[in-house]
Amino acid sequence: MQIPITPNDNSKLHHNFVPEIEAGLLAQLPYISPKFLYDPLGSHLFTAITLLPEYYPTNTEKSIFTEYQDQITKAIGTGGTLIDLGAGNCQKAESFFNSLQPSNYMAIDFSVEYLEDALEKLAGKYPSIQMQCIGMDFSKQLIIPKSIAKDRRTFFYPGSSIGNFLSSEALELLRQIKSQANDGGLLMGVDLMKEDSVLIAAYDDPLKVTAAFNLNILRSINSQLGSDFRVEQFRHKVKINRLENRVELYLEALENLTVAWPGNSRTFEKDDLIHTENSHKYTIESIQLLLNNAGFKSTQIWTDPKDYFAVIYAQ
Ligand code: AVJ
């Protein structure tokens, strides 16, 4: 059987991330971009996070998708191209295939190896949908290749991944989505601000899956940079930043240490922090304002009974 995946010249990332990683490690307040969390092991650890009962975003979003599937489908309409931003294992998009019946499905992710496996399985299951996958770091710029159908595009951005961005970056990404949607729109999941105890349980879970996910970024960096980070010299740390409306993830040095890589090194003292992720939490008002500023004219919003999470269709 022929599997209708159209390989794309862009389907592999050839980008050199060394300068970007180095700049973060040498900064006064060191940081690593959260996109490096998603190496092959990290992608699997993230999938494990989504299965944790404490990690409410995934199960709450799913319950909203299920409860309001008809309304969501009606808002979007059938056919057209479905563009999945951060597709991962493509499961969320698949749950809309039967109702939305897209003609084309384009899966985009930073972690392309994981994506290719997922898409190959999917293509066999839905022979009537044209499928493409592409490895892209759309945190820098979102460019839909010319080869992708010019018809109505629905961008699918679930899971509140928008939360990784500062509001200026989120605004820029949403503008780029709006300008490439043609007369389509954006179906997005957004995590809402809530009490500390729920956030802490979700980001510092008792099984320590999130700790493993966060610590694995050091191995991911070792393979990108050729550095010699030792995972056992760090611990996972979570802070709630109420001023900036976000959960912050860090790796804290457990002892004084030096990390070296070709051409450079960095010394850390005990208790020094490496910032690895921001997960911004919105209110209905703040996300609506952001979408309006990005050029979206109308929004439809669905939430769960506890107002933990919102699903939004914006046009
Ligand atoms: C994939 C960015 C939405 O912020 O909740 C989960 C990543 N980090 N646990 C989030 C994450 C720690 C997740 N996003």
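Some observations on this one:
- Some residue of region 273-288 being away from the ligand (no atom under 16 Å from the Cβ), among the charged types (D, E, K, R) and either more than 23 Å from the chain's Cα centre (by Cα) or modelled with pLDDT under 95 (or both): no
- Some residue of region 298-305 being within 16 Å of the ligand (Cβ to nearest atom) and of a type in the set (Phe, Trp, Tyr): no
- Picking from residues in region 1-39 that are modelled with pLDDT under 95, within 16 Å of the ligand (Cβ to nearest atom) and not acidic (Asp, Glu), the one that is nearest to Asn89 (Cα to Cα) is Tyr38.
- Scanning region 194-231 for residues that are farther than 30 Å from Ser265 by Cα, surrounded by fewer than 22 Cβ atoms within 10 Å (Cβ to Cβ) and within 13 Å of the ligand (Cβ to nearest atom) returns Lys194, Val198, Leu199, Ile200, Ala201, Asp205, Leu207.
- For Leu186, the conditions (1) within 12 Å of the ligand (Cβ to nearest atom); (2) in contact with a helix residue (DSSP H, G or I) (Cβ under 8 Å, 6 or more places away or on another chain); (3) of a type outside the set (Lys, Arg) all hold with the exception of (1).
- Considering Tyr114, Tyr105, the condition of being aromatic (Phe, Trp, Tyr), more than 30 Å from Glu195 (Cα to Cα) and within 16 Å of the ligand (Cβ to nearest atom) is satisfied by Tyr114 alone.
- Among the residues of region 58-113, those that are of a type in the set (Asp, Glu) and either farther than 27 Å from Ala202 by Cα or modelled with pLDDT under 95 (or both) comprise Asp70, Asp109, Glu113.
- Scan of region 95-118 for residues that are touching a residue at least 12 places away in the same chain (Cβ under 8 Å), within 19 Å of Arg153 (Cα to Cα) and either surrounded by fewer than 18 Cβ atoms within 10 Å (Cβ to Cβ) or hydrophobic (A, V, I, L, M, F, W, C) (or both), ordered by number: Ser95, Phe96, Phe97, Ser99, Leu100, Gln101, Ser103, Met106, Ala107, Ile108
- Some residue of region 165-181 being surrounded by fewer than 17 Cβ atoms within 10 Å (Cβ to Cβ), within 27 Å of Thr66 (Cβ to Cβ) and within 16 Å of the ligand (Cβ to nearest atom): no
The values are calculated or read from the model by the stated rules, or taken from the named source; none is laboratory data. Remember, it's a predicted structure, so these values are computed and weren't measured experimentally. Ideal geometry is used to build each Cβ from the backbone, glycine not excepted, and the neighbour counts take in all protein chains shown.
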